[in-house]
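Single-structure report; data block below.
The values are calculated or read from the model by the stated rules, or taken from the named source; none is laboratory data. Computed from a predicted model, the values in this text were never measured in an experiment. All Cβ positions, even for glycine, are placed from backbone atoms using ideal geometry, and neighbour counts span all protein chains on display.
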Amino acid sequence: MAKHHVTATLNGNAVEYLCETQQTLLDVLRDELQLTGTKEGCGTGDCGACSVTVDGRLVCSCLVLGVEAQGKKIETIEGMAAGESLHPLQRKFLEHAALQCGVCTPGVLIASRALLARNPDPTEEEVRFWLAGNLCRCTGYNKIIEAVLDAAREMRGS
Amino acid sequence: MDAKTINPQEKTLKVVGTRPVRPDGVPKVTGLARYGADFALPGMLWGDILRSPHAHARIRSIDTAKARALPGVKAVITAADFPEQKYEFIGPERVAVNFWHMTRNIMAREKVLYEGHAVAAVAAINKAVASAALRLIEVDYEPLPHVIDVDAAMRPDAPLLFEDMITRGVEPAPDRPSNVSKRIEFKLGDPEAGFAAADEIVEMSFKTAPVHQGYIEPHGCLARFDAEGQGEIWASSQGHFVVRAYVARLLGMNIGDVLVHPAEIGGGFGGKTVIYVEPVAALLSRKTGHPVKIVMSREDVFKSTGPTSGSSMTVKIGVKRDGRIVAADGVFKFQAGAFPGSPVMNATMCGFAPYDIPNVRSVGYDVVSNRPKSAAYRAPGSPISAYAVESTMDAVAAKIGMDPLKFRLMNACKSGTQTAWGPKHAHDGCAETIKAVLDHPAYAAPLGKNQGRGVASGFWFNNGGESSATVHVTEDGSVAVATGSMDIGGSRASMAMMAAETLGVAYDQVRAIVADTASIGYTHVTGGSRVTFATGIAVVEACNKVIAELCTRAAMIWNVDRGEVVWEGGCARHTGQNAGKIEPLTLKAIAAKRAVTGGPIGAEASVNAGGAAPGFATELCDVEVDPETGSVKILRFIVAQDVGRAIHPSYVEGQLHGGVVQGIGWALNEEYIYDAAGHLLNAGFLDYRIPVASDLPMIEAVLVEVPNPNHPFGVKGAGEVNIVPSMAAVANAVNNAIGRRLTELPMSPPKVLAALDSGSKG
C-alpha cells in the first residue's frame, strides 16, 4: 500500500513526511525525521519517555499514529531550547542534577513544560501527580521535583 | 560524629565536594545525546529476534526457508550460525562466566529454557519486513514440563533444565543431576556451640520475587561488520570493553578486530553488564554486509533480560539477653533463571557482614528454573539476603526488648572484625551510618494511627579493578580527560572534578569524555560502585604523570634543575635559591611552549585498583498502612550511607535516592507473575509497576563520609549499598504498623490485607 503523505508543523517549522499506516508518531519522529531526542521506553504509553505535545496537548507519541499528525503542531524536546538559550526547565534540571542516565529526561521536560503552561504555581504534590506518567528509574524523582518547582518559581519571576 | 568522619566545614578541597553542571548535561536536556537506539548508518537493515512461546521445550527443527524467501529479507540466523563454546567457568567464582551458557542464552540450541528465549533472528530492509519474516520461521517444538519456583526446582522429581548438571561444591559429588548448579558454604567459629550458648533464638523463613532492573532504555545497538572480519558496534552498555570481549568470543573473532563505541546508556543497574542483541546484530551484519540495528521491545526486556533472582531463605539468629549476637545461620536459595549464575554467593557473604558475630554458617544454593537468566542488579544478591537477615534482626530486637538501632550498633562490625568468608573487615563505616540514623530527629518523631517505623542496615563490597584514563593538556592549556568508564549517572563530572582538583585548575578548564575501545586502555564495567574509585585513581595517576611532565617542561624553560620545581596551585613553582623571584608558570604558559620543550603533553594511566572499601548503609522508613485496601504508603525515608567521600554530592545523593526507591518498588509492588504454563503475565510497565513520582515522599539522603585511605580523595563508592537495607526497612515498618510480620515480597495490598485479616500477631 502506498505511504501516506502528511504535512504538519514540527517545532515551529513546516514539515512533510511519508509514513505507513501503522507507523506511530514516535516511529516517524525517530526513523523518518531522525529526531531521536524523543525516546521509546515501552511503546505502550506506560513510561512517558516519548512525551510530545500535539496542538499543545501532552501525549505519548507511541500512542499517536503518524497520519494523525496531519495539520497539527508537534513540539518535541529538540524544539525546547531557543538557540543557545536553554528553557528554564532544562537549566534547572542541570543545576539540580535532576538526571542521571538522562533517557527519561526529554519526556519529563516536555511533560513538565505542559504542567507549568497550565499551572504556573504547582505544589509538590501536583508536580508528583502530573509526572506520575513519566517513569524515572534512576533518581527516585527527588531532584526532578525540586528542579520543576525551582523552574516554576523562576518562570513566575518570584 | 566521630573524629574520623569528615566534617564538611573543614574540607580544604576546591573542586571536590562542589556541585557543578555535568559536561554531558546539555545534550541530555536537549535530546541530542545519542543512546543505544539512536544510531543509524547508510544502508542500514533492521534486525529482529524470534522468541520462544514455551517455558521449556526441545527444539526438534527450525525451518527458515519461507522467511528467507520473503522479499526484503537479507539474512536469517539460528544458533547453528554461532560457533560452539567450551563448557568451562572462567574468572573468580563470584562473577564466573561460562560461554557455553552464554551462547545458548543469546540463541537457544538444543532447548528453549524460558518464554522469550531467542530462537532465530532476521535482518530485513525495514522493521515491518523483519517482523513479517519472524512469523514465517517454523520451529518444531516438543514442549517439556517446566518449573518456575526455586523450592519446586530443587525437588528431586523436578523437570531438569540440563539433564547432566551435577551440583558443584558438594563433596562427594551427587550421583544424579539436578537443577542445583552450585552449593556454597561459609563457616566461622562453631555455630552449633554458639546457638547452644544463646539466651534467645529467632528463626524465620522468607521468599522474595524476582524483580527487573527496570531501566527505561531497552537494549539496543547498531553493528557494522565486514567480510574481512572486522567490525564496529554502537551499543548502550555498562562496559563497552565487555561488549567487545563477549561479542568477539561468541563470533569466534579476535578482540582487537571489534571496535565498540560507547553510546549513552539509559539506565543499567547491573542489567547492562551482559549482552543480548549485540552478537546477533554483529552476526547479521557480517552475513549481509550491511549495518544492522536491533532494538528490544519492552516486552522483550521483561521476558528475556535481567531480572535479579527470586529467593527462598531461612535465617536463624541467636543472642545473649544483653543483645550480643552469638550465632547466626542462613540458608539462601536463589533462582538463577535458565542458566547458572545467580548472585547467591554475594548474598551468603553480605547477609551477616554488617555485624560482629563469632559463629556463623551461611549456605547458598544456585538453582536453575524456567525463567530468564538472572543478571546483576544493584549490589547483586546483598539486598535479598539483607531482607531476610534484617527482618530477623528486627524480630530479635523485639524479643529481647531492645531498640533495633541500638541492637545493631552494639553488634556493628568495624575495622578488624572477622568476616565469615575469610578476611577481616579493613574499614569502619557501619556504626557511623547506624549512629547517623539514631541521632536523626526523625527517629524520635511521633507516629500516628496505622503508621509504623522500620530500620535496617546493609553491606556491599564495592569494587576496584581495571581502569584506564588519559589526560591531555591541549594547546591552550585546557585539559581533555578520557576514560573507559561508561557514564551512567554523572561520572564525566566526577572525573573532570578529580582531574581539576589534582591539577589545581578550575572545573571548566577540564572536559571529560568516554573513549571507545580502541582509544583507551581496557576498563572494566561501570558497576560494583567501582568507577569513581578505580577510574578515579586512574585519572589522578594520569594527572600526576602530567604534573611531573609539566614540572620537567618548566625546569627546561627556566633552565633550572628539575628537582627544584614543584606543582602547586595549578602552577609550576621554583623552589631553589630563586624561589619567589621567578614568576610561576601556569598550565597555559607551559602548554604554549610545548613544541620547543618536547611536544604534546599528556599521559595515560592504567590501573588494577586494589584497596576498595566497602559501603554500609542504614535506613529508616515510616509507613502508613490503609486497613481497608492493604495499601502501604511511604511517609518518610532516610538513607544514611558511608560513601567515603562525595566528589559531586548531588550525584551521590541521587544514587542514594534512586537505590532506595528501587528498594521500595521491590518491597511493595514489583514481581514477575507467571501463569501455570510458565508465561510471564506482566511483561510491561503497566502491570510490572515500578514506583512513580506520586507514590513517594522526598527521600532524605545523609552522606556519611568516613574516607577510604586507599583513594586520593577518600572515595568508597556510592551506587549500590543504598538498596541493600531498603526492603527490610519497609518490611520492618509494615510490621511495626500492623503488628504482623509479612515474610514474602512484594508486600502488595492483597498480601497485606490477608495479614491484617489473619489472627496471628508477629
Is it true that A:Thr38 is buried (at least 18 other Cβ atoms within 10 Å of the Cβ), assigned to a loop (DSSP other than H, G, I, E, B), polar (S, T, N, Q) and in contact with a Gly (Cβ under 8 Å, 6 or more places away or on another chain)? yes
What number of residues within segment B:266-296 satisfy the criterion of being closer than 15 Å to B:Gln238 by Cβ and either in contact with a helix residue (DSSP H, G or I) (Cβ under 6 Å, 6 or more places away or on another chain) or of a type in the set (Ser, Thr, Tyr) (or both)? 4
Restricted to segment B:265-304, and to residues that are more than 14 Å from every other protein chain (Cβ to nearest Cβ) and assigned to a loop (DSSP other than H, G, I, E, B), which residue is surrounded by the fewest Cβ atoms within 10 Å (Cβ to Cβ)? B:Gly289
Within segment A:92-117, the count of residues that are facing chain B (nearest Cβ under 9 Å), touching a helix residue (DSSP H, G or I) at 6+ places or on another chain (Cβ under 6 Å), surrounded by fewer than 24 Cβ atoms within 10 Å (Cβ to Cβ) and in a helix (DSSP H, G or I) comes to 1
For segment B:306-329, which positions are in a loop (DSSP other than H, G, I, E, B) and surrounded by fewer than 24 Cβ atoms within 10 Å (Cβ to Cβ)? B:Lys320, B:Arg321, B:Asp322, B:Gly323, B:Arg324
In segment A:118-136, anything touching a Gly at 6+ places or on another chain (Cβ under 7 Å) and more than 7 Å from every other protein chain (Cβ to nearest Cβ) is listed as A:Gly133, A:Asn134
Does segment A:60-75 contain at least one residue that is among the small types (Gly, Ala, Ser), under 24 Å from A:Arg128 (Cα atoms), buried (at least 21 other Cβ atoms within 10 Å of the Cβ) and outside the structural domain of A:Gly133 (by TED's automatic domain parsing)? yes
Any strands (runs of 3 or more DSSP E) falling wholly within segment B:463-550 and containing at least 3 residues that are on the phi < 0 side of the Ramachandran plot and either of a type in the set (S, T, N, Q) or at pLDDT below 95 (or both): B:465-473
Output yes when any residue across segment A:25-40 is more than 21 Å from B:Arg34 (Cβ to Cβ), among the β-branched types (Val, Ile, Thr), outside the structural domain of A:Val103 (by TED's automatic domain parsing) and touching a residue at least 40 places away in the same chain (Cβ under 8 Å), and no when none is. no
Find the residue count for segment B:38-49, including only residues that are touching a strand residue (DSSP E or B) at 6+ places or on another chain (Cβ under 9 Å) and either farther than 22 Å from A:Asp31 by Cβ or small (Gly, Ala, Ser) (or both). 2
When you scan segment B:23-32, how many residues do you find that are crowded, with 24+ Cβ neighbours inside 10 Å and farther than 15 Å from A:Cys50 by Cα? 1
Given the criterion touching a residue at least 12 places away in the same chain (Cβ under 8 Å), among the small types (Gly, Ala, Ser) and not in a strand (DSSP E or B), identify the matching residue among B:Ser415, B:Ser362. B:Ser415
Strands (runs of 3 or more DSSP E) wholly inside segment B:1-112 that include at least 3 residues being in contact with an Asp or Glu (Cβ under 8 Å, 6 or more places away or on another chain): B:57-63
Can you tell me which residue among B:Val247, B:Val211, B:Val274 is more than 16 Å from the chain's Cα centre (by Cα) and over 16 Å from B:Ser519 (Cβ atoms)? B:Val247
Pull up segment A:101-158, narrow it to residues that are over 17 Å from the mean Cα position of the chain (by Cα) and in contact (Cβ under 8 Å) with a residue 40 or more places away in the chain, then point me to the one that is nearest to B:Gly489 (Cα to Cα). A:Thr139
Taking the condition of being among the aliphatic types (A, V, I, L, M), assigned to a helix (DSSP H, G or I) and under 10 Å from the mean Cα position of the chain (by Cα), how many residues in segment A:50-90 meet it? 1
The residue that is nearest to B:Gly714 (Cα to Cα), considering only those in segment B:486-510 that are polar (S, T, N, Q) and away from every other protein chain (no Cβ under 14 Å), is B:Thr502
Considering each residue of segment B:665-717, count those that are more than 27 Å from A:Ala147 (Cα to Cα), in contact with a helix residue (DSSP H, G or I) (Cβ under 7 Å, 6 or more places away or on another chain) and part of a strand (DSSP E or B), and give that number. 1
Subset of segment B:121-163, residues surrounded by fewer than 24 Cβ atoms within 10 Å (Cβ to Cβ), in contact (Cβ under 8 Å) with a residue 40 or more places away in the chain, closer than 29 Å to B:Leu284 by Cα and of a type in the set (A, V, I, L, M), comes to B:Ile125, B:Val129, B:Ala132, B:Leu134, B:Leu136, B:Ile137, B:Val139
Assuming A:Cys19 fulfils every condition listed in (1) surrounded by 20 or more Cβ atoms within 10 Å (Cβ to Cβ); (2) touching a residue at least 60 places away in the same chain (Cβ under 8 Å) apart from one, which condition is it? (2)
Taking segment A:38-59 and keeping only residues that are closer than 16 Å to B:Val295 by Cα and at the interface with chain B (Cβ under 8 Å from one of its Cβ atoms), one is left with A:Thr38, A:Lys39, A:Glu40, A:Gly41, A:Cys42, A:Gly43, A:Thr44, A:Ala49
Which of the residues that make up segment B:219-264 are of a type in the set (A, V, I, L, M), crowded, with 19+ Cβ neighbours inside 10 Å and assigned to a strand (DSSP E or B)? B:Leu222, B:Ala223, B:Ile233, B:Ala235, B:Val258, B:Val260
